[in-house]
Amino acid sequence: MARLRGREAAPRRTAAQLSRGRAWWALLFIGPAGLGLAVFYLWPIIRGIYLSFQDVGPFGGETFVGIDNFIEVFAEPDLGRALLNTLLYAAICLIGIPVAMIVAVLINTKGLKGRGLFRVLFFLPVVTMPVAVALVWRLLLNVDYGVLNLSLRAIGLPGVAWLSTPVVNMVVIAIVGIWMGLGTQIIIFTAGLQGIPDTLIEAAELDGAGPVRRFVSVIVPLLSPTTFLLSVLSVIASMQVFDLIFLMIDPNNPAQSQSQSLVSLFYAKGFLQHDLGAAAAIACVLLAIILVLSAIQFRLQRRWVHYE
Amino acid sequence: MQSRALRSGAVALGAAMVAALALAGCSSGGGQDGPTTLNYTIWDQNQEPALREAADEFENQNPNVDVEITVIPSKDYWTKIQTQMSAGTGPDVFWVNGPNFQLYASNGQLAPLDDTGIEAGDYPESLIDLYTYDGSLFGAPKDFDTIGVYYNKALFDAAGLEYPAAGWTWADFQNAAQKISDPANGVYGTAAAPYGQMTYYNTILQAGGEIISEDGTTSGYDTPEAAEGVQFWADLIENGSSPTLQQITDTWPGDTFSSGKMGMFLDGSWAAGTYSSAEAIADVIGVAPLPIGPSGENTSVVHGLANAASAKSENLEMAKKLAVFLSGEEAAGIQAKTATVIPAFNGTQQAWVDALTAIDAQIFLDAVETGAPLPISKNTTAWVPVEEDYIKQILSGQIDTETGLKDLAGEMNDLLAEE
């Protein structure tokens, strides 16, 4: 999981080379996962692509309309704003990766007291429901009574309308997103750290490298496969941001129409305006963007990812 | 040998899995015998106890029927109902409102109730009109609501003002709002909540304007009267009588009012029970009719919900019977006592007024006489988000009233032309 090295995996054997009985068993074990993948991922993708070329009535009923949905979506005035918001969110979320790396190294320091406590604290947001997270953050960010603004006012600064100022609210929501995902990233980094041989660190130490030097010159390069994996996963996940925006930006928020992501736009089209065809077209556009971004990341990895 | 045994084991396991899946798929079909279950879906949890009582009564009268009530929070209600209806798993009976009714009726999702014995004369005419489509009645009027001004007597006393009373005007309202406001202490005169039905629809009508033409085909936003009705609220924010929209989105003004920190708040009759039992204001709460605007009227928006039966219900006749029963005299009587909403069945409204002892709830009934129906068209939900977006931009000072409303009227007319 921590190393994307599928391509160099064990020499392949064709199904025919495996004995028949074993092939059946293999199928049986892969079956449930494969079935889940087919039902919950592949079929919706196929269906989504199909629907993007249909005009769907408010209660079903489809007629083929060619690329009309795509024309409608590209003419949509809110699309550019939603795309920018989504990219901004995804870009900010990437900052979470170095933060997670530093935290992972710190809480894995040998002899650190309360290691377990720190791990629990950083992992708690991951197992908390997004609804609860969003509610608590909304209270903290409340313009009149939020802890953040009360603190600012206490030191003589003006408060900020965190959730109803365009752009500011996307940054704030991205920070909450980072906070929510940090725990998972720390765990994956911890796994990566355990894969670094102690001998390398000790050798660096003997050569006179201090903690910072060891971190920069040994740990960071050796963790680069993990960093790469996380950056790909982070971009894929954050391009699909919806729940935090939906929960933290109310319909009566004056910045609501300026604070949509691509998936919020998808939701608005499909489920509020009853236009499933256009919604499916947005989903296809999003799929294409994510594919392109992932392809770029895979190309760029040659420059900075070291596989031991 | 071994591989054969393994293989047959695998096949047997696989077959068992497929069978299990198939069975799981079938079990929702249900059998013919045993009691019929009808699902009744609503969005207001406060009303569930009374409706449960009414449903129990229906079960008593129809021993072979079970009624289960599902509550979907209003924020997700229409999204869920529409998804369920498209997938064929919708409820048998459910609440409909004016803005969504025509979409459902015109797409054949609702069953006509004409042959159920429901008497149009038992309900206010405006509600029968609201839920009639193509000459058939598709919704049994359940309740109705009007808008009033809830006020806090303690804050009026502190500001040395007289309490609002019938016949008061916009100027009285603006004056009181400004005198009561004390933003430094978190106290506001009123709140410009960006929901048309509660605020600016009423003031537009009071200014002599309209939101949509009577036949539902053109926008009324490009008139000076509409601008006056919207500007009323923009001014209140501007001079500090109301919190800003940024504050309103973070703290719902109804909560500010309930905590005793707001002088006046326009809200529907549906909220009377909640406000008059809010601890901080229970002893100082009052209600008054809306103030009189430039047109000389104090028009309130009148709206109401209906119980509708799904055309796709497997037990269509029973579903229709339940929808009509839940809007009938008996159910209306049960609802009235709980002081939640004003029942639509004529003659049961007084019980609602009597149940609200802390306030003079009669003003909500009187408002029907001079009221105007909630503005709707064939596809109301298409233009309401556009409207709300422009109004929010105007109220938060991002665009000026005149430009904003002109653009809004243009976009709204485009959307109406598509219907």
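The values are calculated or read from the model by the stated rules, or taken from the named source; none is laboratory data. Quick caveat: nothing in here was measured; it's all calculated off a predicted structure. Methodologically, a virtual Cβ is constructed for each residue, glycine included, from the backbone with ideal geometry; neighbour enumeration extends over all protein chains shown. Remember, those area values only see protein heavy atoms, side chains included, never the ligands or the DNA or RNA. Shrake-Rupley method; radii C 1.70, N 1.55, O 1.52, S 1.80 Å.
A:S164: under 29 Å from B:D250 (Cβ atoms), in contact with a Cys (Cβ under 9 Å, 6 or more places away or on another chain) and among the polar types (S, T, N, Q), yes or no?
Criteria not met by A:S164.
Listed here are the residues, each with its yes/no results for (1) farther than 30 Å from B:A177 by Cα; (2) among the charged types (D, E, K, R).
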residue	(1), (2)
B:A288	no, no
B:P291	no, no
B:G304	no, no
B:S327	yes, no
B:E330	yes, yes
B:A336	yes, no
B:I342	no, no
B:E387	no, yes
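For the stretch A:164-189, what are the residues that are surrounded by 17 or more Cβ atoms within 10 Å (Cβ to Cβ), within 14 Å of chain B (Cβ to nearest Cβ) and not aliphatic (A, V, I, L, M)?
Hits for the stretch A:164-189 are A:S164, A:T165, A:N169.
Quick one: which helices (runs of 4 or more DSSP H) lie wholly within the stretch B:24-131 and hold at least 3 residues that are modelled with pLDDT of 95 or more and either away from every other protein chain (no Cβ under 14 Å) or over 30 Å from B:E214 (Cα atoms) (or both)?
Hits in the stretch B:24-131: B:48-61.
Has the stretch B:391-412 got any residue that is under 18 Å from the mean Cα position of the chain (by Cα) and either part of a helix (DSSP H, G or I) or charged (D, E, K, R) (or both)?
No, that holds for no residue.
Listed here are the residues, each with its yes/no results for (1) in contact (Cβ under 8 Å) with a residue 60 or more places away in the chain; (2) not in a loop (DSSP other than H, G, I, E, B).
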{"position": "A:S151", "(1), (2)": "no, yes"}
{"position": "A:A161", "(1), (2)": "no, no"}
{"position": "A:A174", "(1), (2)": "yes, yes"}
{"position": "A:I196", "(1), (2)": "no, no"}
{"position": "A:E202", "(1), (2)": "no, yes"}
{"position": "A:V218", "(1), (2)": "no, yes"}
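Out of all the residues in the stretch B:328-335, is one or more among the β-branched types (V, I, T), closer than 20 Å to B:P194 by Cα and away from every other protein chain (no Cβ under 14 Å)?
No, the stretch B:328-335 contains no residue that is among the β-branched types (V, I, T), closer than 20 Å to B:P194 by Cα and away from every other protein chain (no Cβ under 14 Å).
Would you confirm whether or not the stretch A:190-204 contains a residue that is within 14 Å of chain B (Cβ to nearest Cβ), farther than 16 Å from A:G96 by Cα and open to solvent by less than 50 Å² (accessible area, probe 1.4 Å)?
no
Would you please name the residue that is most open to solvent (accessible area, probe 1.4 Å), looking only at residues in the stretch A:270-308 that are assigned to a helix (DSSP H, G or I) and touching a strand residue (DSSP E or B) at 6+ places or on another chain (Cβ under 6 Å)?
A:L276
Would you point out which residue out of A:L152, A:L141, A:L135 is within 13 Å of chain B (Cβ to nearest Cβ) and open to solvent by less than 50 Å² (accessible area, probe 1.4 Å)?
From the options A:L152, A:L141, A:L135, the qualifying one is A:L141.
Can you tell me which residues in the stretch B:394-410 are facing chain A (nearest Cβ under 10 Å) and surrounded by fewer than 21 Cβ atoms within 10 Å (Cβ to Cβ)?
Within the stretch B:394-410, B:G397, B:Q398 meet the criteria.
Restricting the search to the stretch A:90-132, which residues are within 18 Å of A:F246 (Cβ to Cβ) and either within 14 Å of chain B (Cβ to nearest Cβ) or among the hydroxyl-bearing types (S, T, Y) (or both)?
A:T128, A:V131
Is it true that A:A161 is aliphatic (A, V, I, L, M), within 14 Å of chain B (Cβ to nearest Cβ), over 20 Å from A:V99 (Cβ atoms) and surrounded by 15 or more Cβ atoms within 10 Å (Cβ to Cβ)?
yes
Please enumerate the residues belonging to the stretch B:192-210 that are open to solvent by less than 20 Å² (accessible area, probe 1.4 Å) and either out of contact with any strand residue (DSSP E or B) (no Cβ under 6 Å at 6 or more places or on another chain) or modelled with pLDDT under 95 (or both).
Listed by number, the residues that qualify are B:A192, B:A193, B:P194, B:G196, B:Y200, B:T203, B:I204, B:Q206, B:A207, B:G209.
Among (1) touching a residue at least 12 places away in the same chain (Cβ under 8 Å); (2) under 30 Å from B:I399 (Cβ atoms), where does A:L222 come up short?
(2)
Would a scan of the stretch A:80-92 turn up a residue that is at pLDDT below 95, open to solvent by 100 Å² or more (accessible area, probe 1.4 Å) and out of contact with any Phe, Trp or Tyr (no Cβ under 6 Å at 6 or more places or on another chain)?
no
Failed condition for B:E68, given (1) under 21 Å from B:P141 (Cβ atoms); (2) charged (D, E, K, R); (3) open to solvent by 50 Å² or more (accessible area, probe 1.4 Å), with all others met?
For B:E68, the failing item is (1).
Could you grab me the full set of residues in the stretch B:261-280 that are farther than 19 Å from B:A159 by Cα and among the charged types (D, E, K, R)?
Matches in the stretch B:261-280: B:D267, B:E279.
Restricted to the stretch A:122-132, and to residues that are of a type in the set (A, V, I, L, M, F, W, C) and within 17 Å of A:I186 (Cβ to Cβ), which residue is surrounded by the fewest Cβ atoms within 10 Å (Cβ to Cβ)?
So, considering only residues that are of a type in the set (A, V, I, L, M, F, W, C) and within 17 Å of A:I186 (Cβ to Cβ), the one surrounded by the fewest Cβ atoms within 10 Å (Cβ to Cβ) is A:V127.
Looking at (1) in a helix (DSSP H, G or I); (2) without any contact (Cβ under 8 Å) to a residue 40 or more places away in the chain; (3) open to solvent by less than 40 Å² (accessible area, probe 1.4 Å), which one does A:F266 not meet, given that it meets all the others?
Among (1) in a helix (DSSP H, G or I); (2) without any contact (Cβ under 8 Å) to a residue 40 or more places away in the chain; (3) open to solvent by less than 40 Å² (accessible area, probe 1.4 Å), the lone unmet condition for A:F266 is (3).
How many residues, within the stretch A:48-74, are within 13 Å of another protein chain (Cβ to nearest Cβ) and either assigned to a helix (DSSP H, G or I) or closer than 21 Å to A:V241 by Cβ (or both)?
2
Considering the stretch A:39-61 alone, what residues qualify as being among the hydrophobic types (A, V, I, L, M, F, W, C) and open to solvent by 40 Å² or more (accessible area, probe 1.4 Å)?
A:V39, A:F40, A:L42, A:W43, A:I45, A:I46, A:I49, A:F53 - these are the residues of the stretch A:39-61 that are among the hydrophobic types (A, V, I, L, M, F, W, C) and open to solvent by 40 Å² or more (accessible area, probe 1.4 Å).
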